[in-house]
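**Student:** What follows is a structure written as structure tokens; I'll ask about it next.
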Amino acid sequence: VTIRVSQEETCALSVSKSLQQSKAMLSPSSKSEECSPKGNIMFMKTHKTASSTILNILFRFGEKHKLRFAFPDGRNDFFYPSPFLCSQVKDYEPGECFNIVCNHMRFHQEEVAKLLHPDAVYVTILRNPADLFESAFHYYHRAVPLTWGISGENKLAGFLNNPGAFYSPEAFNSFYLKNLQFFDFGFDNNLDADDPQIDAGIQYLSSHFHLVLIAEHFEESLILLKDLLCWSMEDILYFKLNVRKSSFVSQLDPEMRAKALQWNWADWKLYQHFNATFWVRVEAYGRERMKRDVKELRRRNAEMKAICIQGKNAVEPRDIKNSRFLPWQPIGEKSILGYNLRQDIDPKFRTICEKMLTPEIQYLSDLGVNLWITRLWGWLKDKIY
Ligand SMILES: Nc1ncnc2c1ncn2[C@@H]1O[C@H](COP(=O)(O)OS(=O)(=O)O)[C@@H](OP(=O)(O)O)[C@H]1O
């Protein structure tokens, strides 16, 4: 009797079968002989962590090098909050390889790995959970029925002063209110503070991610990313995207910050762990070298601002002249800033500037993603509120 072992077709298996398959590198361009730019990347796009700014960098790099993105179909995320499945990928066929995965998902490592070359680089970004909680609460609270009963002007403080009264793990969209980062990585966001699964989750992520960026140290993060991927300075130039108008940001006093961290304990442990390892990486890179590189990145970004942006700064949604640069807004308000392209832009910079200013949804459309579900939701959102 012969026993057939059926092995699922994955990208890794196709790679090992095919000697012609290209390696995980792009052809070296301006870089030195020591390393070649890498183009096989898993970016785990966490919520409210500056991830849209990273996304724009990846879109530009992927487009420039004609890389294959694993995109969702019909919408801008992989059926979040359902765990990721490769069947959610547009044009997915078992055994096919993609270069970049970067849209919002609930992380599921085994499924992601099926799409990618075994040498793919795994990257993500974290943000201080007090600020992330404040940002997420602001952005999503109207989509979380649990918060509708909070009275008073300051709903955020109302919630943090008595979270138990307004929270239930089973309630619709409740994950936006507690340990959102831990949840995005596919873990249980309602563990007790002393549950060993928190540390186990952190260890799991340490062993699967090659680099964890930190939103509070965004430039240093990009320099480490550039180094890891063997990219050039030009590849990491950016404008901050998805930024809220400052009058919509609630200033948390020390007491509220402490409460936010206590409430988001798993995220706080996660953040502390990767913030510590981040600085070990910076140390290994060289403090002085990092300072020099950050300075150069700032200089180049300022140069691009002057070239691309009318008035050099972000403006309110109502002042954005061209709707292709208007970012997606949360339910019931217009708080997310965007940019106007310089009117007298030098034609040789027009294309790069347009790309740098283009928000996620419009850029996905440009890259050929059908967004009918997202658009329908956007239309309903604007009609109802
Ligand atoms: N470069 C850079 N450095 C630091 N912080 C930045 C940067 N770019 C964006 N942001 C802030 O990130 C918040 C938006 O995050 P995301 O783009 O991940 O949001 S989303 O989940 O995709 O909607 C949003 O935070 P809040 O303004 O507090 O809401 C942005 O201001």
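The values are calculated or read from the model by the stated rules, or taken from the named source; none is laboratory data. All figures in this text were calculated on a predicted structure; none of them were measured in a lab. FYI the Cβ positions are ideal-geometry reconstructions off the backbone, even for glycines, and counts take in every protein chain you see. Just the protein is used for accessible areas: all its heavy atoms, side chains included, with ligands, DNA and RNA removed. Shrake-Rupley method; radii C 1.70, N 1.55, O 1.52, S 1.80 Å.
**Student:** Can you compute 3J(HN,Hα) from phi for each residue in region 92-102, using the Karplus curve 6.51 cos²θ - 1.76 cosθ + 1.60 with θ = phi - 60°, rounded to whole Hz and x for Gly and Pro?
**Tutor:** Here the 3J(HN,Hα) series is 6, 9, x, x, 7, 10, 10, 8, 10, 10, 8 Hz.
**Student:** Rounded to the nearest percent, how much of the accessible area of region 74-127 (1.4 Å probe, protein heavy atoms only) is carbon and sulfur?
**Tutor:** 47
**Student:** Right, next: Kindly provide the helix-only [θ] at 222 nm of the chain, computed as the sum of -39,500 (n - 2.57) over DSSP H runs of four or more divided by all residues, to the nearest 500 deg cm²/dmol?
**Tutor:** Helix-only estimate at 222 nm: -12500 deg cm²/dmol.
**Student:** Distances longer than 20 Å among the Cα atoms of region 49-162: what percent of all pairs is that?
**Tutor:** 53
**Student:** Tally Lys/Arg at +1 and Asp/Glu at -1 over every other residue whose Cβ is under 12 Å from the Cβ of Asp91; what's the total? Write down the numbers at each step before the final one.
**Tutor:** Numbers: positive: Arg68, Lys90; negative: Asp73, Glu93, Glu96.
Computed value for this residue: -1.
**Student:** Here's another thing I want to ask about it. What do you get when you divide the Cα radius of gyration of region 207-355 by 2.2 N^0.38 Å, with N the number of residues?
**Tutor:** Expressed relative to 2.2 N^0.38 Å, the Cα Rg reads 1.25.
**Student:** Out of Asp293, Asp73, Asp194, any idea which swings most in a Gaussian network model of the chain, alpha carbons joined below 10 Å?
**Tutor:** Fluctuation is largest for Asp194.
**Student:** How large is ³J(HN,Hα) for each residue in region 244-249, as worked out from phi by the Karplus curve 6.51 cos²θ - 1.76 cosθ + 1.60 (θ = phi - 60°), to whole Hz, x for Gly and Pro?
**Tutor:** Once rounded to whole Hz, the list reads 7, 4, 4, 5, 8, 8.
**Student:** In whole percent, how big is the carbon plus sulfur part of the accessible area of region 253-367, probe 1.4 Å, protein atoms only? If you can, show how the numbers build up before the last one.
**Tutor:** Numbers: 3270 of 6230 Å².
C and S fraction of accessible area: 52 percent.
**Student:** Now, a different point. Give me the Å³ per residue figure for the convex hull around the C-alpha atoms of region 130-238.
**Tutor:** 136
**Student:** Suppose each label sits 7 Å from its Cα in the direction of the beta carbon; what would the Glu283-Lys348 distance come out to in nanometres?
**Tutor:** In this crude spin-label approximation the distance works out to 4.5 nm.
**Student:** Put Leu85, Leu160 in order of accessible area, largest first, 1.4 Å probe: what do you get?
**Tutor:** If we order Leu85, Leu160 from most to least accessible, we get Leu85, Leu160.
**Student:** If packing is taken as the average count of other Cβ atoms within 10 Å, what order do 90-103, 247-260 fall into, highest mean first?
**Tutor:** Ranked by mean Cβ neighbours within 10 Å, highest first: 90-103, 247-260.
**Student:** Same structure, new question: First select every other residue whose beta carbon is under 10 angstrom from the beta carbon of Pro163; then total the charges, Lys and Arg +1, Asp and Glu -1.
**Tutor:** Once all neighbours under 10 Å are counted, the net charge is +2.
**Student:** With springs only between Cα atoms under 10 Å apart, run a GNM on the chain and tell me which of Pro145, Pro129, Pro327 wobbles the most.
**Tutor:** So, out of Pro145, Pro129, Pro327, the one fluctuating most is Pro145.
**Student:** Something else: Enumerate the lysines that Lys17 could reach by cross-link, defined here as Cα to Cα under 18 Å, with residues fewer than 8 away along the same chain left out.
**Tutor:** Once the sequence-local lysines are set aside, what remains near Lys17 is Lys114.
**Student:** Roll a 1.4 Å probe over the protein heavy atoms and report the accessible area of Ser168 in Å², nearest 10.
**Tutor:** 40
**Student:** To two decimal places, what compactness ratio does the chain give when its Cα radius of gyration is scaled by 2.2 N^0.38 Å?
**Tutor:** The chain yields a ratio of 1.01.
**Student:** So what does Phe239 come to for accessible area, using a 1.4 Å probe and Å² rounded to 10?
**Tutor:** 10
**Student:** Take every Cα pair under 8 Å in the chain that's 6+ residues apart, average their separations, divide by the length, and report that relative contact order as a whole percent.
**Tutor:** Rounded, it is 19 percent for the chain.
**Student:** Taking H as built 1.01 Å from N, whose amide H comes closer than 5 Å to the amide H of Ile41, not counting residues under 5 places away?
**Tutor:** Under 5 Å from the amide H of Ile41 lie the amide H atoms of Ile100, Val101, Val121, each far enough along the sequence or on another chain.
**Student:** Given the Cα-Cα distance of Leu85 and Glu63 and 0.36 nm per residue of separation, how much length would full extension add, in nm?
**Tutor:** Details: separation 22, 0.36 × 22 = 7.92 nm, distance 2.42 nm.
Full extension of this stretch gives 5.5 nm more.
**Student:** Length gain on complete extension for the stretch Lys383 to Ala200, per 0.36 nm per residue less the alpha carbon to alpha carbon distance?
**Tutor:** Net length gain for the segment: 61.4 nm.
**Student:** In the neighborhood of Phe248, defined by Cβ-to-Cβ distances under 11 Å, what is the net charge if each Lys or Arg adds +1 and each Asp or Glu adds -1? Provide the component values of the computation, followed by the final result.
**Tutor:** On the way: positive: Arg244, Lys245, Lys334; negative: Glu134, Glu316, Glu333.
With Lys, Arg at +1 and Asp, Glu at -1, the net is 0.
**Student:** Now for a different question. Probe 1.4 Å, all protein chains in place: accessible area of His47 in Å², nearest 10?
**Tutor:** Accessible area of His47: about 10 Å².
**Student:** Quick one: among Glu303, Glu316, Glu153, which has the greatest mean-square fluctuation in a GNM of the chain with alpha-carbon springs under 10 angstrom?
**Tutor:** Glu153
**Student:** Separate question: Please tell me which of these pairs span more than 26 angstrom C-alpha to C-alpha: Lys45/Lys178; Lys66/Lys226; Lys245/Lys291; Lys90/Lys269?
**Tutor:** From the list (Lys45/Lys178; Lys66/Lys226; Lys245/Lys291; Lys90/Lys269), the Cα-Cα distance tops 26 Å for Lys245/Lys291; Lys90/Lys269.
**Student:** Isolated Cys in the chain by the 4.7 Å beta carbon test?
**Tutor:** Cys86, Cys102
**Student:** Write down the accessible area per residue of the chain in Å², having rolled a 1.4 Å probe over the full set of protein chains. Could you put the intermediate results ahead of the total?
**Tutor:** On the way: 18630 Å² over 385 residues.
Value returned for the chain: 48 Å² of accessible area per residue.
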